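Each remark here refers to the structure printed beneath this line.
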Amino acid sequence: MDLLKKWSDNYIEAGCDEVGRGCLCGPVVAAAVILDENFEQSLINDSKKLSFKTRMDLDSYIKDNVKSFAIAELPPSFIDEHNILNASIHAMHNALDKLTIRPEFILVDGNKFHPYNFIPHQCIIKGDSKFLSIAAASILAKNYRDKLMIELHEEHPEYGWNTNFGYATKKHQEALIKHGITKYHRQSFRLKYD
């Protein structure tokens, strides 16, 4: 099934998504994308359904062929202070702030969002597998975060962030028991394992 390009033909729409909500460490990252009317790319889908290579190949295409895109991240300290849901929404607001075009309508992946600058929005569960702009945002956000976690892996190779990207895999949990937490871990998350 082809992803939908628009919620309505009447507005400049921005699609938003975030990644890293369920991770034990690293930032939460959000992206916002405003598509060009002529944007076509049949490979784009929910980033979780694409291989690493396909996602990375699509990265430049999306950036070169949309009207505007922006990426924002918030660190573990912000997540610990404000909780992961609020941090995720705030990261999406920050990405919207960075767009070079002001949207008139916002499409949000998921079921929760805080009003943004008096611009109407629509939350869409599994929106990244329904709307092209949200799927493109999910790809940009995931690629950005994956690259960052691969870089952080060089600093702390014992946790396996180059393959688990901060999620709670067996290797990551065992490394937490053996080595404890780093400054990149979210201390409000359950980080001790039996």
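The values are calculated or read from the model by the stated rules, or taken from the named source; none is laboratory data. Computed from a prediction, not measured in an experiment: that's the story for all the values here. Quick reminder, even Gly has a Cβ in these numbers, built from the backbone with ideal geometry, and neighbours come from all protein chains shown. Accessible surface is based on the protein model in full, side chains and every heavy atom, while ligands, DNA and RNA are left aside. Shrake-Rupley method; radii C 1.70, N 1.55, O 1.52, S 1.80 Å.
The residue that is farthest from the chain's Cα centre (by Cα), counting only those in segment 1-25 that are of a type outside the set (A, V, I, L, M), farther than 13 Å from Pro120 by Cα and surrounded by fewer than 24 Cβ atoms within 10 Å (Cβ to Cβ), is Asp9. Going residue by residue through segment 115-129, is there one that turns out to be without any contact (Cβ under 8 Å) to a residue 24 or more places away in the chain and either part of a helix (DSSP H, G or I) or within 16 Å of Lys5 (Cβ to Cβ) (or both)? Yes; the residues of segment 115-129 include at least one that is without any contact (Cβ under 8 Å) to a residue 24 or more places away in the chain and either part of a helix (DSSP H, G or I) or within 16 Å of Lys5 (Cβ to Cβ) (or both). Can you give me the number of residues within segment 73-89 that are open to solvent by less than 50 Å² (accessible area, probe 1.4 Å), more than 13 Å from the chain's Cα centre (by Cα) and not hydrophobic (A, V, I, L, M, F, W, C)? Total meeting the criteria: 1. Of the residues making up segment 150-181, those that are under 15 Å from Phe52 (Cβ atoms), of a type in the set (A, V, I, L, M, F, W, C) and touching a residue at least 24 places away in the same chain (Cβ under 8 Å) are Trp161, Phe165.
Condition check ((1) surrounded by fewer than 13 Cβ atoms within 10 Å (Cβ to Cβ); (2) not in a loop (DSSP other than H, G, I, E, B)) across all residues:
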residue	(1), (2)
Ala137	no, yes
Leu140	no, yes
Asn143	no, yes
Ala168	no, no
Ala175	no, yes
Lys178	yes, yes
Arg190	yes, no
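Would you mind stating whether Asp97 is of a type in the set (D, E, K, R), part of a helix (DSSP H, G or I) and touching a residue at least 12 places away in the same chain (Cβ under 8 Å)? Yes; evaluated as a whole, the condition is true for this residue. Restricting the first member to segment 49-70 and to residues that are under 12 Å from Leu140 (Cβ atoms), and the second to residues that are open to solvent by 70 Å² or more (accessible area, probe 1.4 Å) and part of a loop (DSSP other than H, G, I, E, B), the beta-carbon pairs closer than 7 Å and six or more apart or on different chains are Leu58/Leu43; Ser68/Thr100. Only one of the numbered conditions (1) surrounded by 12 or more Cβ atoms within 10 Å (Cβ to Cβ); (2) within 15 Å of the chain's Cα centre (by Cα) is not met by Val66, and that is (2).
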